[in-house]
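The next block holds one structure in the form of structure tokens; read it before the comments.
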Amino acid sequence: DGGITQSPKYLFRKEGQNVTLSCEQNLNHDAMYWYRQDPGQGLRLIYYSQIVNDFQKGDIAEGYSVSREKKESFPLTVTSAQKNPTAFYLCASSPRAMGGRMNYEQYFGPGTRLTVT
Amino acid sequence: EDQVTQSPEALRLQEGESSSLNCSYTVSGLRGLFWYRQDPGKGPEFLFTLYSAGEEKEKERLKATLTKKESFLHITAPKPEDSATYLCAVHGSSNTGKLIFGQGTTLQVKP
């Protein structure tokens with residue numbers, strides 16, 4: 001089955017530790033995205049990548065880092081510099097183009113809930 | 001600045017009581033308006049894409065419509081399993097693939 005997987009579902013870390021969240025897709029999508037979701041604040045874009053070996057900062061990139069070495073994978077590292085890392089993290093992918101037309105539909109993974117104490 | 005506003009924030013319906021959710025948007029050069037359903041603790045599930053004013057899409061009890069300023073998600077004879085948060089997002093004229101999301105409408109359908 002094609003889809004997006006995120007692991008783990010729940011993650012607990014101590015303050016001051018870096019942590020990496022996994023995101024893998026087998027949809028052959030070009031673009032991948034990382035969002036953060038907090039209660040009452042909707043989805044906020046952290047980083048996005050439109051092609052392998054290239055990525056751009058989103059609206060709240062401070063304290064986060066990413067890599068895009070493979071088309072299928074877009075891991076997110078939450079560093080100790082992120083002041084409020086406890087949140088629900090969502091990864092998404094998008095085909096970008098389909099049938100000769102740009103397609104911006106995004107498909108989401110199940111999410112990782114990170115708790116930092 | 002591109003912006004999306006959803007209303008109401010929360011909606012409670014009795015089973016079978018039809019209603020509509022609103023998504024108002026301001027965007028330069030709309031290249032897609034997207035509706036998602038999100039259950040608690042899960043990732044958003046894609047529902048519809050609308051590209052131009054007058055376009056309509058349907059799926060089971062849901063029907064999405066689009067005008068030049070807003071979109072409606074009509075829910076006909078809802079069932080308790082339709083309870084979820086419904087998110088609206090837009091993509092503007094940039095080629096970044098970035099979506100602007102609204103805050104969502106949380107729907108509760110009581111049996």
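For residues in the range B:29-52 being more than 8 Å from every other protein chain (Cβ to nearest Cβ) and over 22 Å from B:Lys98 (Cβ atoms), which is surrounded by the most Cβ atoms within 10 Å (Cβ to Cβ)?
My answer is B:Asp39.
Only residues in the range A:50-63 that are more than 20 Å from A:Asn28 (Cα to Cα) count as the first member; pair them with residues that are part of a loop (DSSP other than H, G, I, E, B), Cβ under 6 angstrom, at least 6 apart or cross-chain, and list the lot.
Short answer, once both residue conditions are applied: A:Gly63/A:Thr79; A:Gly63/A:Ala81; A:Gly63/A:Gln82.
Does the range A:43-50 contain at least one residue that is under 23 Å from B:Thr85 (Cα atoms) and open to solvent by 30 Å² or more (accessible area, probe 1.4 Å)?
yes
Give the range A:72-98 a look and list any residue that's touching an Asp or Glu at 6+ places or on another chain (Cβ under 7 Å) and charged (D, E, K, R), or say none.
A:Glu72, A:Arg96
Looking at the range B:77-110 only, could you name the residues that are more than 19 Å from B:Gly43 (Cβ to Cβ) and open to solvent by 50 Å² or more (accessible area, probe 1.4 Å)?
Selection gives B:Lys79, B:Ser93, B:Ser94, B:Asn95, B:Gln108, B:Lys110.
So, of the residues in the range A:78-106 that are open to solvent by 70 Å² or more (accessible area, probe 1.4 Å) and under 22 Å from B:Arg31 (Cβ atoms), which turns out to be nearest to the other protein chains (Cβ to nearest Cβ)?
That would be A:Met102.
Can you find, within the range B:11-28, the residue that is farthest from the other protein chains (Cβ to nearest Cβ) among those that are open to solvent by 70 Å² or more (accessible area, probe 1.4 Å), part of a strand (DSSP E or B) and of a type outside the set (Val, Ile, Thr)?
B:Gln14
Scan the range A:93-117 for residues that are closer than 22 Å to A:Phe12 by Cα and of a type in the set (Gly, Ala, Ser) and report the count.
Adding up the residues that qualify gives 2.
For the range A:63-72, which positions are of a type in the set (Lys, Arg) and open to solvent by 30 Å² or more (accessible area, probe 1.4 Å)?
Those that are of a type in the set (Lys, Arg) and open to solvent by 30 Å² or more (accessible area, probe 1.4 Å): A:Lys70, A:Lys71.
Please work out which one of (1) in contact with a Cys (Cβ under 8 Å, 6 or more places away or on another chain); (2) surrounded by 21 or more Cβ atoms within 10 Å (Cβ to Cβ) is the condition A:Pro75 fails and give its number.
The number of the failed condition is (2).
Can you tell me which residue in the range B:53-76 is surrounded by the most Cβ atoms within 10 Å (Cβ to Cβ), limited to those that are of a type in the set (Gly, Ala, Ser) and out of contact with any Lys or Arg (no Cβ under 6 Å at 6 or more places or on another chain)?
B:Ser71
Listed here are the residues, each with its yes/no results for (1) open to solvent by 10 Å² or more (accessible area, probe 1.4 Å); (2) at the interface with chain B (Cβ under 10 Å from one of its Cβ atoms); (3) over 19 Å from B:Leu87 (Cβ atoms).
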{"site": "A:Arg13", "(1), (2), (3)": "yes, no, yes"}
{"site": "A:Gln17", "(1), (2), (3)": "yes, no, yes"}
{"site": "A:Thr20", "(1), (2), (3)": "yes, no, yes"}
{"site": "A:Cys23", "(1), (2), (3)": "no, no, yes"}
{"site": "A:Tyr35", "(1), (2), (3)": "no, yes, no"}
{"site": "A:Gln41", "(1), (2), (3)": "yes, yes, no"}
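Can you tell me which residues in the range A:43-71 are more than 12 Å from chain B (Cβ to nearest Cβ) and of a type in the set (Lys, Arg)?
Scanning the range A:43-71 gives A:Arg68, A:Lys70, A:Lys71.
Which residues, taken from the range B:27-39, are at pLDDT below 95 and either over 24 Å from B:Lys69 (Cβ atoms) or not aliphatic (A, V, I, L, M) (or both)?
Those that are at pLDDT below 95 and either over 24 Å from B:Lys69 (Cβ atoms) or not aliphatic (A, V, I, L, M) (or both): B:Ser28, B:Gly29, B:Arg31, B:Gly32.
The values are calculated or read from the model by the stated rules, or taken from the named source; none is laboratory data. As the structure is a prediction and not an experimental result, all values here were calculated from the model. Cβ atoms come from the backbone with ideal geometry, glycine included; neighbour counts cover every protein chain shown. What goes into the accessible areas is simple: the full protein's heavy atoms, side chains included, and nothing from ligands, DNA or RNA. Shrake-Rupley method; radii C 1.70, N 1.55, O 1.52, S 1.80 Å.
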